[in-house]
């Protein structure tokens, strides 16, 4: 029986299934991820999925790059070389064009470690998705949801540290000169709307990143699947479809490379904006 084409397409854009975690390579090869914390006989324990492994790779690369970078600048000498200058430019861009305008120059530097980490981690996960047969962890809601929760905790924590646990939530209602009777009805409604808005903004933060990364990889998978779908047809037709698919996939890949940087920037910018809104209330 022929395989379900839709199922084969989704293999490229989803995490591996339980008990079968690894990387699908060409010629039906499969590299399984070691599971030291999982008992396959009983089906219990902690499984390391493909996306988890890729997230670990992104985190390790970040540690190597930034520990090395920190050691370079700790000696008081400017970093030399194109790569290190590029890293410094990106760090300064986030500080000067994202954090300080959104949060304020006085408070921004306190949140720079978080914003730098979230930007480069999202960027690393996005770029890993450009490697054939790997996958993008940011194409899974579990990953983008966890990142959004981290931002939510940072936003609410920053607001509560500045205004107090009660003052932060009370401050969600802007000052309104209303008669007492109207205040009893309107202010609770405004409070509920504002609190719901906080949760919705962070939910959308996760969905936006997920949708952009998932959709891009799915489009690539669909375009390349045309080659396999026409393999048994006339050679001339297959050749034309193959050439068109490869050129189309190349163009979309270049667009995906741009989107990888763009989505990391948007996630970082919105995180900074939400932090600024939390510590600078109505």
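The values are calculated or read from the model by the stated rules, or taken from the named source; none is laboratory data. Since we're looking at a predicted model, the values are computed, not measured. Glycine gets a Cβ as well: all are built from the backbone with ideal geometry, and neighbour counts include every protein chain shown.
Is it fair to say residue 236 is under 29 Å from the mean Cα position of the chain (by Cα) and either assigned to a helix (DSSP H, G or I) or free of Cβ contacts under 8 Å to residues at least 12 places away in the same chain (or both)?
no
Pick out the one residue from 117, 138 that is out of contact with any strand residue (DSSP E or B) (no Cβ under 7 Å at 6 or more places or on another chain), outside any loop (DSSP other than H, G, I, E, B), under 22 Å from residue 207 (Cα atoms) and free of Cβ contacts under 8 Å to residues at least 60 places away in the same chain.
Going through 117, 138 in turn, the sole match is 117.
Answer yes or no as to whether residue 247 is without any contact (Cβ under 8 Å) to a residue 60 or more places away in the chain, more than 22 Å from the chain's Cα centre (by Cα) and either in a helix (DSSP H, G or I) or buried (at least 16 other Cβ atoms within 10 Å of the Cβ) (or both). Reasoning before the result, please.
On the way: without any contact (Cβ under 8 Å) to a residue 60 or more places away in the chain: yes; more than 22 Å from the chain's Cα centre (by Cα): yes; either in a helix (DSSP H, G or I) or buried (at least 16 other Cβ atoms within 10 Å of the Cβ) (or both): yes.
Yes.
Which of the residues that make up the stretch 34-68 are in a helix (DSSP H, G or I) and in contact with a strand residue (DSSP E or B) (Cβ under 8 Å, 6 or more places away or on another chain)?
50, the sole residue that qualifies.
Return the only residue of 146, 158 being part of a helix (DSSP H, G or I) and either in contact with a strand residue (DSSP E or B) (Cβ under 9 Å, 6 or more places away or on another chain) or under 30 Å from residue 221 (Cα atoms) (or both).
It is 146.
May I ask you to list the residues in the stretch 164-182 that are surrounded by 17 or more Cβ atoms within 10 Å (Cβ to Cβ) and part of a helix (DSSP H, G or I)?
Step one: list which residues in the stretch 164-182 are surrounded by 17 or more Cβ atoms within 10 Å (Cβ to Cβ), which gives 168-169, 171-173.
Residues satisfying the conditions are 168, 169.
Here's a check for you: in the stretch 125-135, which residue that is in a helix (DSSP H, G or I) and more than 9 Å from the chain's Cα centre (by Cα) is surrounded by the fewest Cβ atoms within 10 Å (Cβ to Cβ)?
The extreme case among them is 127.
Test residue 84 against the criterion of being in contact with a helix residue (DSSP H, G or I) (Cβ under 7 Å, 6 or more places away or on another chain), part of a helix (DSSP H, G or I) and within 18 Å of residue 264 (Cα to Cα), and give yes or no.
Criteria not met by residue 84.
Residue-wise test of (1) surrounded by 14 or more Cβ atoms within 10 Å (Cβ to Cβ); (2) at pLDDT below 85; (3) touching a helix residue (DSSP H, G or I) at 6+ places or on another chain (Cβ under 8 Å); (4) part of a helix (DSSP H, G or I).
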residue	(1), (2), (3), (4)
192	no, no, no, yes
195	no, no, yes, yes
202	yes, no, yes, yes
205	yes, no, yes, yes
218	yes, yes, yes, yes
222	yes, yes, yes, yes
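Look at residue 78 and say whether it is modelled with pLDDT of 70 or more, more than 24 Å from the chain's Cα centre (by Cα), under 23 Å from residue 128 (Cα atoms) and surrounded by fewer than 16 Cβ atoms within 10 Å (Cβ to Cβ).
no
Only one residue in 100, 110 is in contact with a helix residue (DSSP H, G or I) (Cβ under 6 Å, 6 or more places away or on another chain), part of a helix (DSSP H, G or I) and without any contact (Cβ under 8 Å) to a residue 60 or more places away in the chain. Which one? Before the answer, list the steps.
Numbers: 110 fails: in contact with a helix residue (DSSP H, G or I) (Cβ under 6 Å, 6 or more places away or on another chain).
Among 100, 110, only 100 is in contact with a helix residue (DSSP H, G or I) (Cβ under 6 Å, 6 or more places away or on another chain), part of a helix (DSSP H, G or I) and without any contact (Cβ under 8 Å) to a residue 60 or more places away in the chain.
Would you check if residue 55 is within 21 Å of the chain's Cα centre (by Cα), modelled with pLDDT of 85 or more, surrounded by 12 or more Cβ atoms within 10 Å (Cβ to Cβ) and under 24 Å from residue 256 (Cα atoms)? Break it down into steps so the answer makes sense when it comes.
Numbers: within 21 Å of the chain's Cα centre (by Cα): yes; modelled with pLDDT of 85 or more: yes; surrounded by 12 or more Cβ atoms within 10 Å (Cβ to Cβ): yes; under 24 Å from residue 256 (Cα atoms): yes.
So residue 55 fits the description; yes.
Is there any pair linking a residue in the stretch 191-208 that is in contact (Cβ under 8 Å) with a residue 60 or more places away in the chain to one that is surrounded by 12 or more Cβ atoms within 10 Å (Cβ to Cβ), with Cβ under 6 Å and at least six apart or on different chains, and which?
202/148; 202/152; 205/148; 205/270; 206/144; 206/145; 206/148
Looking at the structure I just gave you, is residue 262 surrounded by fewer than 16 Cβ atoms within 10 Å (Cβ to Cβ), without any contact (Cβ under 8 Å) to a residue 60 or more places away in the chain and in a helix (DSSP H, G or I)?
Working: surrounded by fewer than 16 Cβ atoms within 10 Å (Cβ to Cβ): yes; without any contact (Cβ under 8 Å) to a residue 60 or more places away in the chain: yes; in a helix (DSSP H, G or I): yes.
Yes, satisfied.
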